[in-house]
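The values are calculated or read from the model by the stated rules, or taken from the named source; none is laboratory data. None of these values were measured; they are calculated from a predicted model. Cβ placement follows ideal geometry from the backbone for every residue including glycine, while neighbour counts extend to all protein chains displayed.
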Amino acid sequence: MTDAGSAAPSKSPPHASSFTGRRGLVAALAIGVVAAAMIWPWVLAERDSFSQKSFDHDRFHLPLVRSFASQWPAVDLSDYDSATGPGYHLALATAAQVLGDGETTLQMLGSLFAIGLLATVAWRLARWRGSELEGLLLTLPLASSPYLLGNAIWLMTDNLSLWLVSVPVLGAIMLPATPLRLGRWGVATAAACVVRQINLWVIGPIVLAAWFATRPSSANLAEPTEAPRRRLVVFAALACLLPMAVVAGFAWLWGGLTPPTFQQYHAVSVQPAAVPYGLSLFGVYGAPLWFVIGASGLERGRVPRWFLLTASLGWAAFTMAGESFAGLEVGRNGGWLWTMVAQTPTVGGVSLLLAAGSAVGMVLLVQLIALAFGRGESCGRSSIVAAVVLAAFLVAHAANKQLFQRYFDAPVLLVLLALTALAWPRRGDGPSVDPRSDRSWILAVGLMAAMQVAFATATLFLPLAAG
């Protein structure tokens with residue numbers, strides 16, 4: 001994998017110089033301003049409690065932050081009124097010692113996690129692309145997601161969780177693994193597990209990134225020496241052990257993977273529907289990319305056969321072998337996609353809508369990977385890591401009894417945007433790149449953002465304005 005700043009003569013991102021560093025900073029600041037403009041007016045506006053969108057805020061997270069603040073610093077973590085780890089609530093409870101526990105104050109603090117997440121994503125994508133405008137554009141679909149915005153307006157754990165996850169995930173995708181980076185990724189993953197223990201899945205892409213770093217590429221056939229290889233193995237192991245220790249500590253404290261109050265509601269279960277569900281969202285949100293990809297992605301690059309075989313078998317197993325009909329009693333409800341699933345036919349408990357939608361999502365995933373390989377082996381390897389990020393996330397949620405759309409939207413968008421950044425050709429990739437294709441990609445990504453704006457307007461902003 002190539003650093004955002006590695007210097008290959010072609011088919012690689014530009015040098016990570018202070019110039020691209022400034023571009024990353026510009027993109028981060030710009031998306032922060034955009035996000036604040038979309039979030040803060042609603043935080044400051046008066047509203048009724050216990051609306052549909054703010055139920056978890058009112059019922060669980062705001063009372064829990066205030067409870068932790070009242071106990072601080074000797075907070076009892078043996079059982080409490082949330083299924084997640086205590087990191088989010090402890091962070092706000094600590095800030096409340098200085099700023100107070102007023103609802104609006106806590107909401108403003110919570111919104112900073114969304115802004116930090118978007119700034120981190122824009123900074124990384126801008127450095128990878130070598131363009132602040134492209135980094136900003138690629139981040140707009142995530143910034144416009146109704147789930148990210150709703151979780152920023154009210155107190156929810158999702159944005160802090162994804163912010164911490166984005167550090168190792170985007171790092172593993174877009175940077176070559178080094179001992180120092182592996183150490184940072186391990187610490188960030190452990191912190192993410194303190195917020196939401198299910199984030200243990202992040203160790204999968206970290207391991208793959210470390211493994212790729214020990215393998216020679218066709219561009220550099222020199223085998224890594226034994227000493228650097230050993231260091232990478234040691235630091236990769238440490239990067240995995242730290243979050244594993246966090247989750248093991250919680251399991252020992254709670255006698256399970258969630259606090260005792262929620263162990264039956266979020267019991268470890270087999271929910272294969274998580275995979276076709278997530279792939280369907282991937283296909284829908286990435287639909288505008290077909291205008292620029294067409295059917296030619298596979299003609300421009302070669303996807304490893306082992307990946308095609310594994311992905312195809314995994315898709316078939318998860319899609320066809322388990323039930324995927326919608327239903328409150330089976331934990332598959334909430335959000336527009338489950339609503340559509342409930343209104344469409346099933347065969348043997350398998351939703352035909354999810355079967356078809358996940359097939360489209362899988363084909364789009366393969367096309368983006370093929371385009372990334374067409375840009376060079378380093379981009380291709382990075383795209384495989386991105387695919388493993390998506391797979392690890394979906395498989396982890398296949399063990400959760402509850403499959404709500406708000407768990408999926410922002411992480412799926414993050415992977416989709418990372419893959420788009422990898423697949424989007426650059427003029428520096430070679431003389432075969434049509435300069436006009438840039439406009440097509442800009443239009444496609446703009447349509448992805450417009451889709452999220454439409455969703456946010458219909459499901460979030462209009463109900464807020466009306467109520």
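So here's what we get for this one:
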| quantity | calculated |
| --- | --- |
| Every pair of residues 6+ apart whose Cβ atoms lie under 7 Å, when the first sits in the stretch 444-467 and is exposed (fewer than 15 other Cβ atoms within 10 Å of the Cβ) while the second is among the hydroxyl-bearing types (Ser, Thr, Tyr) | 467/51 |
| Criterion (at pLDDT below 95 and within 24 Å of the chain's Cα centre (by Cα)) met by exactly one of 50, 55 | 55 |
| Answer from 34, 26 - the residue that is in a helix (DSSP H, G or I), under 24 Å from the mean Cα position of the chain (by Cα) and at pLDDT below 95 | 26 |
| Of the criteria (1) at pLDDT 75 or above; (2) outside any helix (DSSP H, G or I); (3) surrounded by 13 or more Cβ atoms within 10 Å (Cβ to Cβ), which one residue 238 fails | (2) |
| Complete set of residues in the stretch 238-286 that are over 24 Å from residue 191 (Cβ atoms) and free of Cβ contacts under 8 Å to residues at least 24 places away in the same chain | 264 |
| Residues of the stretch 394-422 that turn out to be under 14 Å from residue 200 (Cα atoms) and of a type in the set (Ser, Thr, Tyr), as a count | 0 |
| Residue 327 being touching a strand residue (DSSP E or B) at 6+ places or on another chain (Cβ under 7 Å) and either surrounded by fewer than 22 Cβ atoms within 10 Å (Cβ to Cβ) or free of Cβ contacts under 8 Å to residues at least 40 places away in the same chain (or both) | no |
| Selection count where residues are touching a Phe, Trp or Tyr at 6+ places or on another chain (Cβ under 9 Å) and either of a type in the set (Phe, Trp, Tyr) or farther than 25 Å from residue 198 by Cβ (or both), scope the stretch 69-113 | 6 |
| Pick from the stretch 317-341, criterion part of a helix (DSSP H, G or I) and over 22 Å from the mean Cα position of the chain (by Cα), ranking: nearest to residue 401 (Cα to Cα) | 330 |
| Close pairs (8 angstrom Cβ cut-off, 6 or more residues apart or separate chains): closer than 11 Å to residue 121 by Cα in the stretch 133-145, aromatic (Phe, Trp, Tyr) and assigned to a helix (DSSP H, G or I) anywhere | 135/123; 135/128 |
| Qualifying positions in the stretch 55-89 - among the hydroxyl-bearing types (Ser, Thr, Tyr), buried (at least 18 other Cβ atoms within 10 Å of the Cβ) and in a helix (DSSP H, G or I) | 88 |
| So residue 169, is it modelled with pLDDT of 95 or more, at negative phi and of a type in the set (A, V, I, L, M) | yes |
| Subset of the stretch 131-159 that is in a helix (DSSP H, G or I) and of a type in the set (Gly, Ala, Ser) - its residue that is surrounded by the fewest Cβ atoms within 10 Å (Cβ to Cβ) | 150 |
| Residues of the stretch 387-417 satisfying the condition of being in contact with a Ser or Thr (Cβ under 8 Å, 6 or more places away or on another chain) and modelled with pLDDT of 95 or more | 409, 410, 413, 414, 417 |
| Those residues of the stretch 275-316 which are at pLDDT below 85 and not in a helix (DSSP H, G or I), in sequence order | 294, 295, 296, 301, 302, 303, 304 |
| Filter result for residue 377 (over 16 Å from residue 277 (Cα atoms), at pLDDT below 90 and charged (D, E, K, R)) | yes |
| Condition check for residue 372: in contact with a helix residue (DSSP H, G or I) (Cβ under 6 Å, 6 or more places away or on another chain), part of a helix (DSSP H, G or I) and either more than 20 Å from residue 385 (Cα to Cα) or small (Gly, Ala, Ser) (or both) | yes |
| Some residue of the stretch 385-396 being without any contact (Cβ under 8 Å) to a residue 60 or more places away in the chain and surrounded by fewer than 24 Cβ atoms within 10 Å (Cβ to Cβ) | no |
| Out of 177, 210, sole residue that is of a type in the set (A, V, I, L, M) and either over 24 Å from residue 129 (Cα atoms) or part of a helix (DSSP H, G or I) (or both) | 210 |
| Single unsatisfied condition, residue 120 versus (1) among the polar types (S, T, N, Q); (2) buried (at least 24 other Cβ atoms within 10 Å of the Cβ); (3) within 15 Å of residue 417 (Cα to Cα) | (2) |
